[in-house]
Amino acid sequence: MDPENILKKYYSAESRTYNILLNHSRMVTEKALKIARHMKHLRPEVPFIYEAAMLHDIGIFLTMAPEIGCYGKYPYVCHGFLGRELLEREGFPKHALVCERHVGMGLTVKDIKQKKFPVPMRDMVPVTIEEQIICYADKFFSKVSDSIINERPLHSIRMKIAEYGTEKLERFDEWVEKFQI
């Protein structure tokens with residue numbers, strides 16, 4: 001499987017959105033692979049992490065996020081489950097789950113009800129070590145430009161996650177301790 005070829009099925013390689021997505025995905029992938037190599041004792045599937053990290057945000061083009069060139073009809077919070085649908089149609093159900101479960105620190109049915117998110121009513125929380133690694137790595141990089149993306153400092157990530165509740169921050173802090181990167 002070549003993740004970049006899959007991305008090119010849905011994005012024009014010359015588009016600003018593709019460049020932003022590709023840059024972001026490469027940074028997340030690099031960090032996720034570094035974590036995976038550091039966590040050898042948990043035996044993460046490194047090739048899978050490479051593929052899934054590159055594809056985790058494939059659904060963004062279906063959302064309304066003009067700042068990154070996306071003019072779809074769905075709110076941005078939907079990009080995870082929309083990405084899942086795309087990758088399931090491509091025949092990659094395991095990769096599809098990474099798309100769905102990486103949003104925020106994972107969405108629970110309680111989150112979906114409280115925030116009235118327009119997403120399927122099911123828990124979408126990282127379960128496997130690979131899903132957790134990719135979700136964690138994703139928090140270090142934003143999609144704000146198509147130029148060089150700098151890694152966000154830990155305190156900045158923690159402040160942002162804290163806005164979504166102590167449960168989310170506690171999960172993040174557990175991962176900080178677990179992954180130690």
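Readers should treat all values here as calculations from the given coordinates under stated rules, not as data from a laboratory. What you see is a predicted model; the values in this text were computed from it and never measured. We place every Cβ from the backbone using ideal geometry, glycine too, and count neighbours over all the protein chains shown.
Output the pairs from Lys110/Lys168; Lys40/Lys143; Lys110/Lys139 with a Cα-Cα distance over 19 Å in this structure; if there are none, say none.
Beyond 19 Å: Lys40/Lys143; Lys110/Lys139.
Among Leu86, Leu21, Leu154, which one moves the most in a GNM of the chain with springs linking Cα atoms closer than 10 Å?
Leu154
Mind telling me which of Tyr50, Tyr11, Tyr164 comes out most flexible in a GNM of the chain, alpha-carbon contacts under 10 Å?
Top of the fluctuation ranking is Tyr164.
Too long at a 27 Å Cα-Cα cut-off: which of Lys113/Lys160; Lys9/Lys94; Lys9/Lys178?
Working: Lys113/Lys160 21 Å; Lys9/Lys94 19 Å; Lys9/Lys178 36 Å.
Over 27 Å apart, Cα to Cα: Lys9/Lys178.
Using only DSSP helix segments of four residues or longer, with each worth -39500 (n - 2.57), what per-residue ellipticity at 222 nm results for the chain after dividing by its residue count and rounding to 500?
Taking each H run of at least 4 residues, the total per residue is -17000 deg cm²/dmol.
Once R0 is set to 35 Å, what does the formula 1/(1 + (r/R0)^6) return for the Cβ-Cβ distance between Thr166 and Glu14, expressed as a FRET efficiency to the nearest 0.05?
0.20
Enumerate by residue number the GluC sites (Glu not before Pro) in the range 1-80 meeting two conditions: DSSP loop (anything except H, G, I, E, B), and at most 10 other Cβ atoms within 10 Å of the site's Cβ.
Glu14
For the range 3-150, what is the charge dipole size about the Cα centre, in debye to the nearest 20, if Lys and Arg each add +1 at the Cβ and Asp and Glu each add -1 at the Cβ?
Numbers: 21 positive and 17 negative charges, 69 e Å.
Result for the range 3-150 is approximately 340 debye, rounded to the nearest 20.
Treat the range 35-82 as a sphere of radius equal to its Kirkwood radius over Cα pairs and apply Stokes-Einstein at 4 °C in a medium of 1.567 mPa s; give the translational diffusion coefficient in µm²/s, rounded to a whole number.
It diffuses with D of about 105 µm²/s by this estimate.
Whats the longest run of the chain with zero trypsin sites (Lys or Arg not before Pro) that are DSSP loop and have at most 10 other Cβ atoms within 10 Å? If you can, show how the numbers build up before the last one.
Details: sites that count: Lys73, Lys116.
In the chain, the maximal stretch lacking such sites is 1-72.
Compute the normalised compactness of the range 76-181: alpha-carbon radius of gyration over 2.2 N^0.38 Å, N being the residue count.
Numbers: Rg = 14.0 Å, N = 106, 2.2 N^0.38 = 12.9 Å.
It is 1.08.
What Kirkwood Rh does the range 3-150 have if only Cα atoms enter the pairwise 1/r average? Answer in Å.
Kirkwood radius, the range 3-150: 15.2 Å.
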